[in-house]
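Accompanying notes for the structure given below.
Here, each number is a calculation from the coordinates, and none is a lab measurement. Note that this is a predicted model, so its numbers are computed, not measured. Virtual Cβ from ideal backbone geometry, glycine too; neighbours counted across all protein chains shown.
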Amino acid sequence: MSMFPIASQLGNGSSSDIAFTNIPQTFTHLQLRMFHRSTGSNSGAFQFMYFNGIYTSPYNQYAWHRLYGDGSSAVATGAASTSRIEFSYPYGQPYSSDTAGIFGVTIVDILDYTNTNKNKTVKILNGADKNGSGSVSLTSGMIQSTTAAITQIDILDAYGAYAIGSRFDLYGITTSSTTGA
Amino acid sequence: MPVSLASTSASSMHGAVVPIAYATASGSSSSIIFSSIPQVYQDLMLVCYSRSAQAVTQPQFYCFENSDFTTLRSNTILYGNGTSAISARNTGSTAIPSGWTAGASATSGIFGSTEVYWLNYSNTSTYKTSLSRSAGDLNGSGITSLQVKLWPSTSAITSILISNDANNNWSTGSTFALYGVRTVNQ
């Protein structure tokens, strides 16, 4: 397995949407590595992910489920037939009232993203510790309405913009045609 | 399905994940220190397969950024022990674990697997948050965990000290690999 950088984007303090478009179809898997913080004022500053610009009526094209810990409870939750994949809830993204300098961390794996016969399932590891609050989570998300190859990924801050200092790095992962390694 | 490797050769492409350093324990050292970490990558990834000489089944696994033993750290943990899913938190301690490893009371040959990720490790304006996963199965018991840990320092991470509960020695056969993850234009 080899991993190669595709593109990077930075939070600018005013945009809530990070979009990677025209994703090359030459890799086997994708990985998105995120270092993020919201300018919003809502402590539950979670995020959404959706693919190929599909955030459209009837807003039921995704599903997700999540296991998270908030420091006191381990909780399993999820949603079916929903508009986007939700992640980093409840406290996995620092927001404006949190101590300056604290950012959340997320690593997303998207396997077999160019295949046109499979619904795409993603794995999302997320965490933010804020010295007395925060959460860590494992989320699974799926687009159920299409098996199209993923050519675009949108990440959306639900309650604000991505703060300056946030960054988003997209990687492609290759395999060996001989070994599959 | 058998897979022949006869026709394979090393790729000339240079990937994003770059090996920085690798260490194996000799059984006589309680800490592994990666120092003078290059500041040319975007992220760091630590991959460990470890076992401690401590006479318990699963001692905890620690990473000290920049060998800092004075700054108070905190973490949030999600773990499972085969029976329950549990979340916990530690605050106000200089020594906050990143996971669990195998101990001397575990069956011989069993090691714990731990990966730790530091994103934006060389940035000097943000605190450092690490995300870690550890896996330890002891054939009837064991803990697997996902943790996030805050080291509230804006210093770039230039070294990492890896230890375990009570500074017991790392057992022979323990391995520690540090990688850098390059991004675009690095």
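Loop-only check: which chymotrypsin sites (Phe, Trp or Tyr not before Pro) in the stretch A:52-87 are DSSP coil with at most 13 other Cβ within 10 angstrom? Walk me through the numbers before you get to the answer.
Values: sites: A:Tyr55, A:Tyr59, A:Tyr62, A:Trp64, A:Tyr68, A:Phe87; in loops: A:Tyr55, A:Tyr59.
Passing sites in the stretch A:52-87 are A:Tyr59.
Please enumerate, by chain and number, the aspartates and glutamates with C-alpha under 16 Å from the C-alpha of A:Lys120, excluding those fewer than 8 residues away in the same chain.
Cross-link targets: A:Glu86, A:Asp109, A:Asp112, A:Asp154.
Less than 21 Å apart at the alpha-carbon level, and either on another chain or at least 8 residues along: which lysines does that give for A:Lys130?
List returned: B:Lys128, B:Lys149.
With only Lys, Arg, Asp and Glu charged, each at its Cβ (+1 for the first two, -1 for the last two), find how big the charge dipole of the stretch A:2-174 is about the Cα centre; round to the nearest 20 debye.
It comes to approximately 160 debye.
³J(HN,Hα) across the stretch A:31-36 via Karplus (A = 6.51, B = -1.76, C = 1.60, θ = phi - 60°), whole Hz, x for Gly/Pro?
Here the 3J(HN,Hα) series is 9, 10, 10, 10, 10, 9 Hz.
Most mobile of A:Ser57, A:Ser81, A:Ser137 per a Gaussian network model of chain A (Cα springs, under 10 Å)?
So, out of A:Ser57, A:Ser81, A:Ser137, the one fluctuating most is A:Ser57.
For the protein assembly as shown, with only Lys/Arg (+1) and Asp/Glu (-1) charged at the beta-carbon, what is the dipole magnitude about the Cα centre, in debye rounded to 20?
Numbers: 16 positive and 16 negative charges, 18 e Å.
So the dipole magnitude of the protein assembly as shown works out to roughly 80 debye.
The stretch A:17-85: which trypsin sites (Lys or Arg not before Pro) are DSSP loop and have at most 14 other beta-carbon atoms within 10 angstrom? Don't skip to the end; give the middle numbers.
On the way: sites: A:Arg33, A:Arg37, A:Arg66, A:Arg84; in loops: A:Arg37, A:Arg84.
Within the stretch A:17-85, no trypsin sites (Lys or Arg not before Pro) qualify (loop, at most 14 other Cβ atoms within 10 Å).
In terms of the Cα gyration tensor, with a ≥ b ≥ c the square roots of its eigenvalues, is chain B rounded because a/c is under 1.5, prolate because a/b exceeds b/c, or oblate?
Verdict is oblate for chain B.
Roughly how many whole Å is it from the C-alpha centroid of the stretch A:122-136 to that of the stretch A:31-70?
13
The stretch A:28-104: D in µm²/s via Stokes-Einstein (Kirkwood Rh, Cα pairs, 25 °C, 0.890 mPa s)? Provide the component values of the computation, followed by the final result.
Working: Rh = 14.1 Å.
After rounding, the answer is 174 µm²/s.
Convert each backbone phi in the stretch B:32-39 into a coupling constant with the Karplus relation 6.51 cos²θ - 1.76 cosθ + 1.60 (shift: θ = phi - 60°), then list the ³J(HN,Hα) values in order as whole Hz, x for Gly and Pro.
Computed from phi, the couplings for the stretch B:32-39 are 10, 10, 9, 10, 6, 5, x, 9 Hz.
Treat every Asp and Glu Cβ in the stretch B:17-181 as -1 and every Lys and Arg Cβ as +1, leave all other atoms uncharged, and give the resulting dipole magnitude about the Cα centre to the nearest 20 debye.
On the way: 6 positive and 6 negative charges, 31 e Å.
Taking the Cα centre of the stretch B:17-181 as origin, the dipole is about 160 debye.
Give me log10 I(q)/I(0) at q = 0.07, 0.08, 0.11 Å⁻¹ for the protein assembly as shown, Debye formula, one equal scatterer per alpha-carbon, no solvent.
Listed by q, the Debye log ratios stand at -0.30, -0.40, -0.77.
Based on the Kirkwood radius over alpha-carbon pairs, what is the Stokes-Einstein translational diffusion coefficient of the stretch A:2-174 at 10 °C with 1.306 mPa s viscosity, in µm²/s? Mind showing how you got there, number by number?
Values: Rh = 16.0 Å.
Value of D from the Cα-based Kirkwood radius: 99 µm²/s.
Set Lys and Arg Cβ to +1 and Asp and Glu Cβ to -1, take the dipole of the stretch B:17-181 about its Cα centre, and tell me which of B:Val47, B:Ile160, B:Thr70 lies farthest positive.
Farthest towards the positive end: B:Thr70.
Listing B:Asp43, A:Asp154 from the residue with the fewest other Cβ atoms within 10 Å to the one with the most, what is the order? Before the final figure, lay out each step's value.
Working: B:Asp43 22, A:Asp154 18.
Sorted ascending by nearby Cβ count, the order is A:Asp154, B:Asp43.
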